[in-house]
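Working notes, beginning with the structure itself.
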Amino acid sequence: MPPFVITVLKTAYRGERELDSLELGKPDVQRAIATGLGPLLFRAIVARSNACEPSLAMRLKAADLTARVETGEKIEAMCEIIDACVGVSPPLVLLKGISTCTQYYPEPHLRSMADIDFLVEEPFIGQVERVLQELGYSRPYTGDAEFYQMHHHTAPFYHSRRHVWVEIHRGLLSQRNRFARMEMFSAENLAQELEYSEFHGRTVRRLNAELQIAYTSAHWAQQLQRTSGLMAMLDIIYILKYADDKLDWSKLSRWLHLDSAALHVSLLLRYLAHHQVVDSNIAEKLAPISRACTGNWRNLLFWLTDRYIAEGRSFNAILSLRNISVVWQTLVSAASLQEALLSIPLRLILPGRICPRL
Amino acid sequence: MATDSNSRSTSADYPKKRLDVNSRSIDHELVILDRQKGSIHQLNQTAGIVWVYCDGRTSAQEIAARITDLFEVDLSSAIDDVEKAIDQLNDIGLLEPTLNKMRSITD
């Protein structure tokens, strides 16, 4: 029996009947809402009057309405920014939620997002930042200037009336991220794999489906991400559902073959296939690259995903957020399970550059 | 109590919506998200129209008059509906607190 939120995710790919045999209780509804999956669960049960107690159904409806207002505000903010950037920079490259929610999701509010992310070519960043300031955005904190010079996005902007955060990216991944060195995320490959698209009638650019899968998966694997980890899963599910027949799997496999680290990028796809959230033949399409990170190595990562991302288990003194993050990051960066198991104790003892993320 | 009733009548005279909430029309109904209180409200059609006109410059009477332009309803019924809607919006904290109400807190 997969964790409850995995069954909720299944409804996105396979339809609402996946929930038929389940009687929803308060903890289930609370968990779905806490993880941003409230709107998806509401969508799945809205036609079934007896799916749960009326008070729980009302809570899900409130989560759904909240998501509609918040997403609507972000979409409106994005439209305003796109309009203001015409003639200032090349069409913006939409990233993450603001891109996927309008391209692959049946309703954009099903994809919860903390902020708006888009990418701008380095020479135009200063001008786009000025546009944001003219639109009423400010920087509540600038943090360490040196940090943001090296980071893949500049210090975030905030619009106090809209309650919207904006991040301007200069690259897909931080230079500190080991996946950033992979060929598929290079500036050259990015330039090749971008496609022109529309966002509410406006011209934008987006990652094509293959790069979107690789980017989402790499982002997911780099850290144990408690809430955004589930949104990454939902992104992949909807991309596979709506773009699978157009996907160039050989291109994706070619990218993944170029770097041993890329093997971990396939982990998310294999996790979803493992729980039959998506068709199991997805894993077969990735078979040529699945020779590593198999057996106990893969099972350990799946177990951590089930426990801490899907079930949302609490941490304790020993299995703390920091320690679990060390284990996760060691497992996804090692060349073999043996190497990981040998280095985990050392990395647990020594202070390192592990950045836990809730 | 007297202060409350005063504040309500002042608020009802020139009601002003809070500007720190987000509102959006969803399926022909106005939905208001109040992050400060962590609540969300789905307004019926009349309350939604009243909310739109709650700008601090339009009186309850004027709002009622506009409602009579939009719907086949007489002025006195419209005034009743607008007052009820303003009371409801006040009760759920979506209108700016009035001067009288602020005084009652500081006194």
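The values are calculated or read from the model by the stated rules, or taken from the named source; none is laboratory data. Since this is a predicted model, take the numbers as computed values, not measurements. Here the Cβ is made from the backbone with ideal geometry for all residues, glycine too, and neighbour counts use every protein chain on show. We work out accessible area using only protein heavy atoms, side chains counted, and drop any ligands, DNA or RNA first. Shrake-Rupley method; radii C 1.70, N 1.55, O 1.52, S 1.80 Å.
Accessible area per residue for chain A in Å², computed with a 1.4 Å probe and the full protein assembly in place, what is it? Please report the intermediate quantities before stating the final value.
Values: 15500 Å² over 358 residues.
Roughly 43 Å² per residue, with all protein chains present.
Packing here is the average count of other Cβ atoms within 10 Å per residue, and on that basis the peptides A:90-97, B:23-30, highest first, run A:90-97, B:23-30.
What net charge do the residues around A:Phe124 carry, taking every other residue with its C-beta under 11 Å from that of A:Phe124, with Lys and Arg at +1 and Asp and Glu at -1?
Details: positive: A:Arg130, A:Arg170; negative: A:Glu121, A:Glu122, A:Glu129.
Its environment carries a net charge of -1.
Within the same chain, aspartates and glutamates fewer than 8 places from A:Lys251 are excluded, and of the rest, those with a Cα less than 20 Å from its Cα are A:Glu183, A:Glu188, A:Glu193, A:Glu195, A:Glu210, A:Asp235, A:Asp259, A:Asp279, A:Glu284. For GluC sites (Glu not before Pro), the sites in the range A:38-135 that DSSP calls loop and that have at most 16 other Cβ atoms within 10 Å are A:Glu121.
Per-residue Cβ counts within 10 Å, from other chains only, averaged over B:26-34: what number is that? Mind dumping the intermediate values first?
Working: counts 6, 2, 0, 1, 0, 6, 2, 10, 0.
Counting other chains' Cβ atoms within 10 Å and averaging over B:26-34 gives 3.
Taking a sphere under 13 Å around the Cβ of A:Glu198 and counting the other residues whose Cβ falls inside, with K and R at +1 and D and E at -1, yields a net charge of +2. Counting, for every residue in A:72-84, the Cβ atoms of other protein chains within 10 Å of its Cβ and taking the mean gives 1. Derived scalar couplings between HN and Hα for the range B:86-96 equal 5, 4, 5, 4, 5, 4, 8, x, 9, 9, 4 Hz in order, rounded to whole Hz, by the Karplus curve 6.51 cos²θ - 1.76 cosθ + 1.60 (θ = phi - 60°), x for Gly and Pro. The amide H of A:Phe199, built 1.01 Å from its N in the peptide plane, has A:Val204 as neighbours under 5 Å, considering only residues 5 or more places off or on other chains. Of the residues B:Ala85, A:Leu9, A:Gln338, the one whose Cα sits farthest toward the positive end of the charge dipole of the protein assembly as shown, with +1 on the Cβ of Lys and Arg and -1 on the Cβ of Asp and Glu, is A:Gln338. Taking a straight Cα-Cα cut-off under 29 Å and skipping sequence neighbours fewer than 8 places away in the same chain, the lysines within cross-link reach of A:Lys26 are A:Lys10, A:Lys61, B:Lys37. Between the range A:312-350 and the range A:154-220, the alpha-carbon centres lie 28 Å apart.
Within 14 Å, Cβ to Cβ, of A:Leu56, how many net charges do the neighbouring residues add up to if Lys/Arg are +1 and Asp/Glu are -1? With Lys, Arg at +1 and Asp, Glu at -1, the net is +1.
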